[in-house]
Amino acid sequence: MEARISKFVINGGKLLKGAIDISGAKNAAMKMIAASILTQEEVRLENVPKILDVIKLAEILQKMGAKIEFQNHTLKIDTTNLRSEEPDPELVGAMRASVVLIGPLLARFGKVNFSHPGGDKIGSRPIDRHIQAFRDLGVEVTEDNHGYTFRQGRGTGTKTRFDKITWTGTENLLLFAAGRNQTTTIDNIALEPEVFNLIDLLEKMGAKIQATGRTAVITGSSQLSGATAKCIGDRLEAATFAIMAAIAGEGITLNHIEPAHLEALWEKFREIGIKFEKKDDSVYIERPSKLRPTTISTAEYPGFITDSQPPMGLLLTQAEGESYIRENIFENRLGYLKELQKMGARIEILDNHQAKIFGPTKLAGADLQSLDLRAGATLLIAGLIANGQTSIEGAENIDRGYENIEERLSILGADIKRVA
Ligand code: EPU
């Protein structure tokens, strides 16, 4: 699968109906792929989404000597012949999530050179919290113009605490701790469900991990074994489609999800007046005749997730009255609002973190730019509810995290096509 430079063209105004299967979680799969570095036996991952980010991460490992097979959403990884070399700087630069390779590479080889992962359009995204934690655990970290060198020092720190919570930082350090022959305590960890999906895999591989509140105690081993694990359903994809269903759906069922992972979203849905019905592993959602305005303030899990802030911002353009958004996690995640303004949305952007949205406004089709993964998916849904035609440049941003989105939405009745 190559990055296809293309755009989406959508003819809006069609109501959607039917069922959609939610993919395995991107943000679980990426870290579970990194875990395969910790063993010289096969790791078999099921329910892995076929999306650009996963393909690129697998490519980084392949370039370093790993054997990888990817069929029908099952990924088999054998890192027996992995070479101790720098992960491809170009691929690392294109995909920030690749930072989770640092922990397992360091545990396995004792030293890693890693180019700067770079920021992206949602913020500068430094890795200082990861670095501080590695240092606490006895790792020497140096930086030059090209990037970082991480080296297991002589000291062996056994305890660290994140001053501020970091999701991938937590996973990076869990991966490192699971691969070394000692017990490590990590405090103030992230509690995202994907973190626990990774912990399950590491336990199956032989690490002992006790997570109590925000503290994890990990007894690792340099002799972890192979294992099979299944990625949980992608709650970020599910939230995107749930919000789509709430503004464009005549009745949509989302399958293969864990409704409990989306409690903060359901709470907002109740407040806004959206009808939904949860089952064991699915949710049915219908568009109500009237949406109420609300306030969204993003937070770490179990709070309202920053990734669902853009589609929720779109939904609020359809609510009756004044809504308020506060983005607390990233410095620059309101850029999509300017694109919605081009469609006629009435929005006052107060600063990089806050905006007021006034609704309801009938949106008009426009030529738009997909800025990043979640913003791109948001504009695509905006196109579905707008009058007339919308084109969205940068479809590859959306392909990073949503598998075959145009085919899956077409089945629900959307008029959407990809053009080169
Ligand atoms: N931060 C620092 N220093 C650090 C680490 C983080 O300043 O060392 C800052 C970040 O710049 C950001 C905030 O702290 O402003 C939160 O960062 P965190 O480390 O928690 O985020 P992340 O791990 O880089 C993950 C997801 C993101 C998701 C955020 C939500 C993956 C691969 N990425 O990013 O998902 O938005 O958590 O907290 O798990 C996506 O899927 O498109 C995506 C961006």
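The values are calculated or read from the model by the stated rules, or taken from the named source; none is laboratory data. Worth saying up front: this structure is predicted, and the values here are computed from it rather than measured. Ideal geometry is used to build each Cβ from the backbone, glycine not excepted, and the neighbour counts take in all protein chains shown. Keep in mind that these areas ignore ligands, DNA and RNA; they rest on the heavy atoms of the full protein, side chains included. Shrake-Rupley method; radii C 1.70, N 1.55, O 1.52, S 1.80 Å.
Between Asp21 and Glu271, what is 0.36 nm times their sequence separation minus the Cα-Cα distance? Round to one decimal in nm.
Working: separation 250, 0.36 × 250 = 90.00 nm, distance 2.61 nm.
Stretched fully, the Asp21-Glu271 segment lengthens by 87.4 nm.
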**Request:** Grab the beta carbon distance between Arg326 and Asp281, set R0 = 51 Å, and tell me the FRET efficiency rounded to 0.05.
**Result:** 0.95
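Over every pair of different alpha-carbon atoms in segment 250-407, take the mean of 1/r and invert it; report that Kirkwood radius in Å.
Numbers: mean 1/r = 0.0623 Å⁻¹.
About 16.1 Å for segment 250-407.
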**Request:** Please list the non-local residues whose amide H lies under 5 Å from the amide H of Glu331, H modeled 1.01 Å from N, same-chain partners needing a gap of 5 or more.
**Result:** Ser124
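Using the structure shown, select from Lys230/Lys268; Lys50/Lys275; Lys31/Lys230; Lys76/Lys204; Lys31/Lys67; Lys111/Lys204 the pairs with a Cα to Cα distance greater than 20 angstrom.
Lys230/Lys268; Lys50/Lys275; Lys111/Lys204
For segment 348-391, state which trypsin sites (Lys or Arg not before Pro) are in a DSSP loop and have at most 16 other beta carbons lying within 10 Å of their beta carbon. Write out the running numbers ahead of the final one.
Values: sites: Lys356, Lys362, Arg374; in loops: Lys362.
When the trypsin sites (Lys or Arg not before Pro) of segment 348-391 are filtered for loop state and at most 16 Cβ neighbours within 10 Å, Lys362 remain.
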**Asked** Based only on Cα atoms, what Rg/Rh ratio does the chain have, Rh being taken as Kirkwood's radius?
**Response** 0.98
**Message:** Rounded to whole Å, give me the distance from the Cα center of segment 176-255 to that of segment 348-412.
**Reply:** 29
**Item:** Mean-position separation - Cα centroids, segment 1-73 and segment 126-160, in angstrom
**Value:** 29
**Fill in**
Heavy-atom accessible area per residue of the chain, all protein chains kept, 1.4 Å probe, expressed in Å², is 39
**Separation in nanometres of the label points that stand 7 Å from Cα toward Cβ, at Val419 and Lys356** = 3.9
**Item:** Cα-based equivalent ellipsoid, segment 43-121: semi-axes from gyration tensor eigenvalues, Å
**Value:** 20, 17, 10
**Item:** Under 14 Å, Cβ to Cβ, from Glu41 - net charge with Lys/Arg +1 and Asp/Glu -1
**Value:** +3
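For the chain, with all protein chains present and a 1.4 Å probe, just round the carbon and sulfur fraction of the accessible area to a whole percent. Can you show the working numbers first?
Values: 7280 of 16380 Å².
Solvent-exposed carbon and sulfur of the chain make up 44 percent of the total.
Using 0.36 nm times the number of residues separating Thr185 and Gln62, minus their current alpha carbon distance, what extension gain do you get? Present the calculation step by step, with values, prior to reporting the outcome.
Details: separation 123, 0.36 × 123 = 44.28 nm, distance 3.18 nm.
Length gained, Thr185 through Gln62: 41.1 nm.
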**Message:** To the nearest 20 Debye, how big is the dipole of the chain about its Cα centre, given +1 on the beta carbon of each Lys and Arg and -1 on that of each Asp and Glu?
**Reply:** 260
**Request:** Among the listed pairs Lys290/Lys342; Lys7/Lys56; Lys279/Lys342, give every one whose C-alpha distance is greater than 31 Å.
**Result:** Lys279/Lys342
